[in-house]
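Okay, structure first, notes after.
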């Protein structure tokens, strides 16, 4: 019996330890400047004592370089948005305003050549002055790095640079240090918006070239209001105020990004007062809404885009099957119950607020019986097996998949959920190993061309979709060559119809609101539909 | 005086036996008698039987299908409709708990059976033959024992992929070493006994000696090992499922219930507490029963 008692005692110890651990989370409210810091953030503890204004943001380690030209994760953008600037910026509502440009770009009569003028004397963080040649270098680098290169495919000379037969983008002509022109090979109306994306951020040519593979890891230089101090894997990123900024110098002394992998722990740290800003999973909404303290500190914004199911048309080849799958998603239940009304069922892939969205479209109905009939027509009267892959780094995809798994049973679809991490997900998509997946996409600029980017003809072979449709491709091309809004609306409505109601290349699920918790003492930090993280106007209210 | 009393006691025994007042009873019958005296162990046996029945009759007992999503009751607190509340998909927590018993018990028992089969076979071979065979098998055991348990299980699961069968195999591979070591020791002791020599003299093959004489004599050790090993396997299953490497959703297991409940711990405490209690009760029941069983089977060990 002695041993039993020993075991009981150790069990008791374990229980009390667990209780002690969970108690840690519920201590005092947020206090930004005087709070204790973790051992990892020891370097800025001294700064805080002297009253420096450091915004502390909960983040996740992307485990790759902070370089939007190579990696398109929103985790990276959280930092780079404040360090690197593009020529222009898209504001809430879709208006594109010049950032590094002295005035709006001028378009030639044939609608092919844009002329730009840079603001005189803009300094990079290393003291160099921004020149036209830096712009040319940076845009060429976007193409060379491939990841988002096809954004610039309409620029003259793109093909040659992309396939390596040339080493410059002939469409970009440097006139002098502050003037340059970009010539397109065909009319492409959203081009100015493309230049406003974070992927077209401007780097100093010499420093970037010298840093090589360390760019975005040990060194990252831009023209932004904050300069990149350090990136410590597993610990965090430090950025600080750039005094030589050409615009309004930020009121904050710096931003400290703290890597906390688990979303729940991020919120606990916020509650302890160690973090000022944290993103919140929407399916946790009622939990924080029920907390009287957190309730008023939670904010919401609606990014333009949403979640959808992707299909590999090689393995799920019959459009009838894809339609049946789309019909067995109970979008209403997912939005109303699992995401507690924070999301709205999609009626189309192109969301409300941009050209091409059709208000008159009916919602996708949940019709398991109809789905069953379609599957029977397709030759799967006895049920259909579907492997659904989700990326665990986007935690929201798991509840979507789990809900769908149960909903699809009624239609005779047996869903196996395969959970993979970000690295495996990227590999599987590249190699075509995803049969069906849960994906999300948000526009980089308010144009249907940006929304349809993931299903565009040049992109589908790289995302395990392999969907190609001649008519759709032609409509996409026509869409960017037309400037009349009514005409564009018509074109994209047609394209949308092919995509989500005829070929069922994807199944839109919902458009959601995103939530974040913000220390009430901080002013001037607002997340809006652009989903960009600009902290230049943020300040601590004493 | 004391010595004298022992002698008289011995004499009394002999008399009783001769007069037929005392019955002969087998080893296992004796053990059972001893076990019956241990009230705590008996109670725990009752708990275990209850859990086994619960697992067998899960579809009859549970009020809902464990994967049925009742969208009207997402994260609902305990009520008459859902006795222990509903989870973040509106699934009945009580039903999931009951079905979770199936996973936990079957993992515990099957993993131990696998571990015992490997452990007994290799342990007996090593102990009986000795020499080079023993050295080889012992080194293999040491290699397996050299890895930290949970890390080893995680590595196997990552390598073989998730799923119920793979979990059996991973946990079996994790725990066979302990069985093998004990069996090897016992067999080395037992093979010197007279009855083994007698069997050898009358032409018994090694296979016959091992299966007919040595293993049956180790059986009590094995029974104790299995009962004490089951709670360990249950804990490992819970840990692995908690880490997302064990049972895959939507199959409910106590481990993955706690894992998904941790986000809601302040909002719906019952969701994480209940599967925690289930694991605790099961593990404690098996441990106390296993201890009782050992005391009963091996009176020499009694403290």
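Here are some notes:
- Among (1) over 22 Å from residue B:175 (Cβ atoms); (2) surrounded by 18 or more Cβ atoms within 10 Å (Cβ to Cβ) - the single one residue B:273 does not satisfy: (2)
- Residues that are without any contact (Cβ under 8 Å) to a residue 40 or more places away in the chain and more than 17 Å from residue A:380 (Cα to Cα) within region A:299-336 comprise A:332, A:336, listed in sequence order.
- When the residues of region A:365-399 are filtered to those that are part of a helix (DSSP H, G or I) and within 11 Å of chain B (Cβ to nearest Cβ), the one that is nearest to the chain's Cα centre (by Cα) is A:398.
- Those strands (runs of 3 or more DSSP E) lying entirely in region A:243-328 with at least 3 residues over 25 Å from residue A:82 (Cβ atoms): A:305-311
- Residues within region A:444-462 that are touching a strand residue (DSSP E or B) at 6+ places or on another chain (Cβ under 6 Å) and crowded, with 21+ Cβ neighbours inside 10 Å, tallied: 1
- Only one of the numbered conditions (1) surrounded by fewer than 22 Cβ atoms within 10 Å (Cβ to Cβ); (2) in a helix (DSSP H, G or I); (3) in contact (Cβ under 8 Å) with a residue 12 or more places away in the chain is violated by residue B:83, and that is (2).
- Pairs, first over 14 Å from residue A:141 (Cα atoms) in region A:199-220, second assigned to a helix (DSSP H, G or I), C-beta under 6 Å, six or more apart: A:219/A:211
So that you can scan it fast, the table gives a plain yes or no per residue for (1) modelled with pLDDT of 85 or more; (2) surrounded by fewer than 21 Cβ atoms within 10 Å (Cβ to Cβ); (3) more than 16 Å from the chain's Cα centre (by Cα):
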residue	(1), (2), (3)
B:162	no, yes, yes
B:167	yes, no, no
B:207	yes, yes, yes
B:211	yes, yes, yes
B:231	yes, no, no
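- Some residue of region B:45-60 being at pLDDT 90 or above and not in a helix (DSSP H, G or I): yes
- Within the option set A:471, A:418, A:406, being surrounded by fewer than 22 Cβ atoms within 10 Å (Cβ to Cβ), within 29 Å of residue A:378 (Cα to Cα), within 14 Å of another protein chain (Cβ to nearest Cβ) and at pLDDT 90 or above holds for one residue only, A:406.
- Of all residues in region A:306-362 being surrounded by fewer than 18 Cβ atoms within 10 Å (Cβ to Cβ) and within 14 Å of chain B (Cβ to nearest Cβ), the one that is nearest to residue B:87 (Cα to Cα): A:341
- Single residue of region B:61-80 satisfying the filter (outside any loop (DSSP other than H, G, I, E, B) and either touching a strand residue (DSSP E or B) at 6+ places or on another chain (Cβ under 7 Å) or within 14 Å of another protein chain (Cβ to nearest Cβ) (or both)) that is surrounded by the fewest Cβ atoms within 10 Å (Cβ to Cβ): B:72
- Residue match in region B:277-298 (condition: more than 30 Å from residue B:35 (Cβ to Cβ) and modelled with pLDDT under 85): no
The values are calculated or read from the model by the stated rules, or taken from the named source; none is laboratory data. As the structure is a prediction and not an experimental result, all values here were calculated from the model. Using ideal geometry, Cβ is built from the backbone for each residue, glycine included, and neighbour counts are taken over all protein chains shown.
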